[in-house]
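Read through the structure below, which is laid out as structure tokens, and then see the notes.
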Amino acid sequence: MGLAGQLFLNSQRRVVAHEVEPAGAITLRETKATANGWKHYELSAFKWGRARIVFTYDDGSKQSINYYVIKPASQAVDDLGNFLMTKQWFVDPNDPFHRSPSVMSYDRETNKIVTQDSRVWIAGLGMKEVQVRG
């Protein structure tokens, strides 16, 4: 979303129809044909997620072109920053490894920050923190 896309088709058959699934996810605007019979379409995306354009040709054959529409870059970066500073932000003044405050690894299955893991770097520990002091 947020960027104009382009689609070029080259077929011996004439396009008689096209359908977008889900409806309204992508709009097509046919522009003038390019050299050598290529059809040119300008695309605009409006719904995040999977989308498909099905072209129907004059002989009844169909062609499906699949897209995965993503958010505009500015919104994706905003969403990531919000997630990092709200869900992944670790604050525990009593943390024995002094990892607080910081951004830590996040387990999406449990929807929790990872504080314990056999792979120390996953739990925010570096070699400095895990050295045994005697």
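The values are calculated or read from the model by the stated rules, or taken from the named source; none is laboratory data. Everything numeric in this text was worked out from a predicted model, so none of it was measured. We place every Cβ from the backbone using ideal geometry, glycine too, and count neighbours over all the protein chains shown.
Here are the numbers for this structure:
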{"item": "Thr34 being at pLDDT below 95 and of a type in the set (Val, Ile, Thr)", "result": "yes"}
{"item": "Any hit, the range 56-64, residues being closer than 20 Å to Gly2 by Cβ, assigned to a strand (DSSP E or B) and either of a type in the set (Lys, Arg) or modelled with pLDDT of 95 or more (or both)", "result": "no"}
{"item": "Matching residues, the range 1-51, being touching a residue at least 40 places away in the same chain (Cβ under 8 Å) and of a type in the set (A, V, I, L, M)", "result": "Met1, Leu3, Ala4, Leu7, Leu9, Val15, Val16, Ala25, Ile26, Ala45"}
{"item": "Positions within the range 25-43 being within 26 Å of Pro72 (Cβ to Cβ) and surrounded by 14 or more Cβ atoms within 10 Å (Cβ to Cβ), in sequence order", "result": "Ala25, Ile26, Leu28, His40, Tyr41, Leu43"}
{"item": "Qualifying residue in the range 71-85 (condition: surrounded by 14 or more Cβ atoms within 10 Å (Cβ to Cβ), modelled with pLDDT of 90 or more and within 20 Å of the chain's Cα centre (by Cα))", "result": "no"}
{"item": "Positions within the range 100-117 being over 24 Å from the mean Cα position of the chain (by Cα) and outside any loop (DSSP other than H, G, I, E, B), in sequence order", "result": "Ser102"}
{"item": "Inter-residue pairs, beta-carbon under 7 Å, first under 17 Å from Gly81 (Cβ atoms) and in the range 98-118, second of a type in the set (D, E, K, R) and surrounded by 10 or more Cβ atoms within 10 Å (Cβ to Cβ), 6+ apart", "result": "Tyr106/Lys87"}
{"item": "Single condition Tyr67 does not satisfy, out of (1) under 30 Å from Ile122 (Cβ atoms); (2) part of a strand (DSSP E or B)", "result": "(1)"}
{"item": "Criterion violated by Pro22 - all others in (1) closer than 17 Å to Tyr67 by Cα; (2) touching a His at 6+ places or on another chain (Cβ under 7 Å); (3) loosely packed, with under 12 Cβ neighbours inside 10 Å; (4) not aromatic (Phe, Trp, Tyr) satisfied", "result": "(2)"}
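Okay, residues lined up against (1) within 30 Å of Gln12 (Cα to Cα); (2) touching a strand residue (DSSP E or B) at 6+ places or on another chain (Cβ under 9 Å); (3) of a type in the set (A, V, I, L, M):
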site: Phe46; (1), (2), (3): no, yes, no
site: Arg52; (1), (2), (3): yes, yes, no
site: Ile70; (1), (2), (3): no, yes, yes
site: Leu80; (1), (2), (3): no, no, yes
site: Pro93; (1), (2), (3): no, no, no
site: Ser100; (1), (2), (3): no, yes, no
site: Arg108; (1), (2), (3): no, no, no
